[in-house]
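Q: Right, I'll just put the structure down here and ask away after.
The values are calculated or read from the model by the stated rules, or taken from the named source; none is laboratory data. Since this is a predicted model, take the numbers as computed values, not measurements. Counting neighbours? That spans all protein chains shown, and the Cβs are built from the backbone with ideal geometry, glycine included. Side chains included, ligands, DNA and RNA excluded: accessible areas come from the protein's heavy atoms. Shrake-Rupley method; radii C 1.70, N 1.55, O 1.52, S 1.80 Å.
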Amino acid sequence: MANRINLNGTSYHGAGAIAEIANEAKAHAFKKAFVCSDPDLIKFNVTSKVTDVLEKDGLEYEIYSDIKANPTIQNVQNGVAAFKKSGADYIVAIGGGSSMDTAKAIGIIIANPEFEDVRSLEGTAPTKKPCVPIIAVPTTAGTAAEVTINYVITDVEKKRKFVCVDPHDMPIIAVVDPEMMSSMPKGLTASTGMDALTHAIEGYTTKAAWEMTDMFHLKAIELISKSLRGAVENTKEGREGMALGQYIAGMGFSNVGLGIAHSMAHTLGAVYDTPHGVACAMMLPIVMEYNQECTGEKYREIARAMGVKDVDSMTQEDYRKAAIDAVRKLSVDVGIPTKLEAIKEEDLQFLAESAHADACAPGNPKDASVEDLKDLFRKVM
């Protein structure tokens, strides 16, 4: 079987990288940008850092901000209508996963209007054409949506999130500027950072993992483990390390998939509106415990990448426990809760069935039944 790798054609990294957006827009002869960004980023003048770059070079743009933290089908459909009216020919997505996921769905539907219902994009939809060109500018160090072929949309009516996996949605350019992340509050920095760690660990242990993606994931685990505490305190080194670490994690997991920590997090987000990174952080050590017997020697390398000493002298049982403990400690250190009081016993069947049907579930190294998932959800009650 061939292993496929999809990455951006071009990516820029480092402080001040957003200056390259105007250069790329002119090089591609783009006429008008459709800027997707959420209301908070506009309110706190984060979006304006990019629109100022466009204005300085006389580049036209129009802002679309009807975007929720867990973007909905309606957000996407409203965006499609707004794009059609705008006369834009490319998208600049500024924000975390919500803005970038919304932009991807809009761009795909504009190019493939037969999917305008949005729901039909779930899974690996047979789109024919690449989406509207996207320049993605992350403002959180977490989702890596700027370098993945994935996006997630919430179906409010059915109380579920659905994952879309499509090489046609890849942004043509990623601009990963840690200065765009410096205004993130501590809680958001922590939760998005733990989302990135979950990407790296699940991607490293998924059934489809292979040598190239292992390389990405182990480096991502190392960078995130070393940088997240500093990023929460808004240090320059912490922000830079997280900006790079989350991107490298995206280079890996986008190409091999994830596991049930993400399936369960998607479900918690859809039912209780739990922030995605918080849900991932709560589920990750629990899922790692569940998976450990099916991971060979990989937890030793996770522990090593997280800075655990003397792993080579440990038994398999000890290094597996050390890896799980290191994850749990990092999560607690950055202020993530360990319990979700919103979960009710009567919700467990729906939660477990939804997680079982999620597109990330098949990649988990250990198969999980609906009953298994109910037991795992109980551990965060």
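Q: In the chain, if the dipole is taken from +1 on Lys/Arg beta carbons and -1 on Asp/Glu beta carbons about the Cα centre, which of GLN74, MET264, ALA2 is farthest to the positive end?
A: Of GLN74, MET264, ALA2, it is GLN74.
Q: Set Lys and Arg Cβ to +1 and Asp and Glu Cβ to -1, take the dipole of the stretch 99-184 about its Cα centre, and tell me which of ILE110, VAL156, PRO133 lies farthest positive.
A: VAL156
Q: Amide H neighbours of THR139 under 5 Å, counting only residues 5+ apart in sequence or on other chains, H built in-plane at 1.01 Å?
A: GLY95, GLY96
Q: Which value, in debye to the nearest 20, gives the size of the charge dipole of the stretch 202-262 about its Cα centre, when Lys and Arg are +1 and Asp and Glu are -1 at the Cβ?
A: Details: 6 positive and 7 negative charges, 22 e Å.
Using only the charged Cβ atoms, the result is roughly 100 debye.
Q: Which entries of LYS43/LYS374; LYS43/LYS129; LYS49/LYS158; LYS32/LYS129; LYS26/LYS129; LYS161/LYS309 show an alpha-carbon separation above 30 angstrom in the structure shown? Don't jump to the answer; show the numbers that get you there.
A: Working: LYS43/LYS374 40 Å; LYS43/LYS129 35 Å; LYS49/LYS158 37 Å; LYS32/LYS129 21 Å; LYS26/LYS129 23 Å; LYS161/LYS309 39 Å.
Table pairs above 30 Å Cα-Cα are LYS43/LYS374; LYS43/LYS129; LYS49/LYS158; LYS161/LYS309.
Q: Something else about it: Might you work out the accessible area of THR154 for me, using a 1.4 Å probe with all protein chains in place, and round it to the nearest 10 Å²?
A: 10 Å²
Q: Roll a 1.4 Å probe over the protein chains and send me the accessible area per residue for the chain in Å².
A: Details: 15200 Å² over 381 residues.
Roughly 40 Å² per residue, with all protein chains present.
Q: Report the charge-dipole magnitude of the chain in Debye, nearest 20, computed about the Cα centre from +1 at each Lys and Arg Cβ and -1 at each Asp and Glu Cβ. Write out the running numbers ahead of the final one.
A: On the way: 39 positive and 52 negative charges, 57 e Å.
The calculated dipole for the chain is roughly 280 debye.
Q: Mean shadow of the chain, computed from the convex hull of its alpha carbons, in nm²? Please report the intermediate quantities before stating the final value.
A: Values: hull surface 69.8 nm².
Reported value for the Cα convex hull: 17.5 nm².
Q: Can you list the HN-Hα couplings for the stretch 218-227, worked out from phi with the Karplus curve (6.51, -1.76, 1.60; θ = phi - 60°), rounded to whole Hz and with x for Gly and Pro?
A: 5, 5, 5, 4, 4, 5, 5, 4, 7, 10
Q: Please report the accessible area of LYS84 (heavy atoms, 1.4 Å probe, ligands and nucleic acids excluded) in Å², nearest 10.
A: Spelled out: LYS84, probe radius 1.4 Å, area about 140 Å².
Q: May I pose another question? Give me the net charge for the shell around ALA231: Cβ to Cβ below 15 angstrom, other residues only, Lys and Arg +1, Asp and Glu -1. Display every interim value, and only then the final one.
A: On the way: positive: LYS186, LYS226, ARG229, LYS236, ARG239; negative: ASP177, GLU179, ASP195, GLU222, GLU233, GLU237, GLU240, ASP333.
Local charge sum for ALA231: -3.
Q: Next question, about the same structure. Report, in whole Å, the centroid distance computed from the Cα atoms of the stretch 147-214 and the stretch 330-365.
A: Taking the Cα centre of each part, the stretch 147-214 and the stretch 330-365 sit 17 Å apart.
Q: Under 5 Å between amide H atoms, partner at least 5 residues away or on a different chain: which partners does TYR12 have, H built in plane at 1.01 Å?
A: So TYR12 has HN proximity to ALA174, VAL175, VAL176.
Q: For the stretch 164-216, with only Lys/Arg (+1) and Asp/Glu (-1) charged at the beta-carbon, what is the dipole magnitude about the Cα centre, in debye rounded to 20? Please report the intermediate quantities before stating the final value.
A: Working: 2 positive and 8 negative charges, 39 e Å.
In debye, rounded to 20, the stretch 164-216 gives about 180.
Q: Could you rank HIS28, HIS199 by how accessible they are, 1.4 Å probe, largest area first? Before the final figure, lay out each step's value.
A: Numbers: HIS28 85, HIS199 10 Å².
Heavy-atom accessible area, descending, gives HIS28, HIS199.
Q: Once you've got the GNM for the chain with C-alpha springs shorter than 10 Å, pick whichever of ASP177, ASP310, ASP89 has the biggest mean-square fluctuation.
A: Among ASP177, ASP310, ASP89, the largest mean-square fluctuation in the Gaussian network model of the chain belongs to ASP310.
Q: Counting only protein chains, not ligands or nucleic acids, how are LYS85, LYS31 ordered by accessible area (probe 1.4 Å), most first? Could you put the intermediate results ahead of the total?
A: On the way: LYS85 175, LYS31 145 Å².
Correct descending sequence by accessible area is LYS85, LYS31.
Q: In a GNM of the chain with a 10 Å cut-off on Cα contacts, which of GLY250, GLY296, GLY363 has the highest mean-square fluctuation?
A: Taking springs between Cα atoms under 10 Å, the residue moving most is GLY296.
Q: Give me the percent of the accessible area of the chain that comes from carbon and sulfur atoms, probe 1.4 Å, all protein chains in place. Each step should come with its number before you reach the end.
A: Details: 8030 of 15200 Å².
The value for the chain is 53 percent carbon and sulfur by accessible area.
Q: To continue, here is another question. Springs between alpha-carbon pairs under 10 angstrom, Gaussian network model over the chain: which of CYS164, CYS294, CYS36 fluctuates most?
A: Between CYS164, CYS294, CYS36, it is CYS294 that shows the largest mean-square fluctuation.
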